[in-house]
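Structure provided below as structure tokens; questions to follow.
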């Protein structure tokens, strides 16, 4: 144990080495230590041994120089003189200035002040979605200096890990802040605990002696400091409003009947992966009713909807009920939609800021399926039977058309000399011509038809030639 006299009128000088009865009283660093009048004499105007604020640099002084006190006389004198600077009796004792004039003492005091407490771990955990940032990893002194060389143990609890997937990490502190990346794996509260090991002792001890000056010392131990910070990886709740309107107030049997839902919101939160949050809406159709249903806060007890649809929305906009999930035909009568967004409909129940349920029988949500027009019954009351229709007489088939052979080409006609009269062959039949040939023998008459189209029928006299 290394101790320094508190300062009173009793002394230890000249006493032989040996066991001395003492009472050891411990005080937390940061506590003002009062003088014990039963073991201290003199300086009646002083009430304290050391002030609370001076216990921090005193602990740092012992932390850095305890093991150097016995190195030589200069270190012994300088250390004792440095301790005296923090006591209430400083300046009232006899001159204890070291042989170097206090140069080494000033160095000791400067370092003790620099690394004195109280200490802090200024952790911060921030970020959105899955990517989180742990900053301020390290220990700061009272003078905002980062304390190097300490062992830092970190532990993550909750739905998150460090970047390497671990939940525990050990590293050494440095002379600057360290930042670490974390990754959230779900929603909920995330806590990070950092423990710094190896700080100056956190207690001051007084050795109370009955016949001698009390001694002040700091135990040759180190202390630790722990800081826990929390961060909730919850997603923001969705706060929105919606209005509804049927597509048509009147439809025919077999026509589609849909409901349009218009969603409005100032902002739309995202999940941990920065995707828009999904909200489920329930659209229920009630009917048919003989007349328009009365407006009420909820459907009548025991009334079962004819259709229930779940619509998933991902932000402001217009949404329409699914016509393919409707009955093929709605019976004639009045129907009304009721649309709601409730916690129990959601995959993540905490996604909604509040529940929404529209009233039953809203005018904008009510439509009518008209009755089809009645078809007239054959020979029923009020109808006159139509007379039977007379059968149409069979049509006389037309005679088949005979296709004539193609007309042969007419021989070329000699050009008519100028001033010659022209006779139309379409008005007069061709002239019959008889030509007498030179007699060469008895006459034989041979009928010859030349052309019924061009020349008509004529007679050609041919006399056979006599042989001479």
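Laboratory data are not the source of any read-out in this text; all were calculated from the coordinates shown. Computed from a predicted model, the values in this text were never measured in an experiment. A quick note on method: Cβ atoms are made from the backbone with ideal geometry, for glycine too, and the neighbour counts reach across all protein chains shown.
Taking N as the number of residues in the range 14-119, what is its Cα Rg relative to 2.2 N^0.38 Å?
1.14
Expressed as a whole number of Å, what is the distance separating the alpha-carbon centroids of the range 313-372 and the range 74-124?
79
Rank by packing, highest mean first: peptides 109-117, 263-271, with packing defined as the count of other Cβ atoms within 10 Å averaged across residues.
Result, highest mean first: 109-117, 263-271.
Right, something else. Full extension from residue 343 to residue 297: what is 0.36 nm times the residue separation minus their Cα-Cα distance, to one decimal in nm?
Full-extension gain reported as 14.7 nm.
I need the P(r) histogram for the range 241-370: all alpha carbon pairs, bin width 10 Å from 0 out to the longest distance, whole percents.
Result returned by the calculation: 12, 43, 30, 12, 2, 0.
Plugging the Kirkwood radius over Cα pairs into Stokes-Einstein for the range 188-307, at a temperature of 4 °C and a viscosity of 1.567 mPa s, what D comes out in µm²/s?
My calculation gives 57 µm²/s for D.
Once R0 is set to 22 Å, what does the formula 1/(1 + (r/R0)^6) return for the Cβ-Cβ distance between residue 328 and residue 289, expressed as a FRET efficiency to the nearest 0.05?
Given R0 = 22 Å and the Cβ-Cβ separation, E is 0.60.
Tell me the label-point distance for the pair residue 181, residue 24, using the 7 Å Cα-to-Cβ offset, in nm and rounded to one decimal.
Between residue 181 and residue 24, the simple spin-label model gives 4.9 nm.
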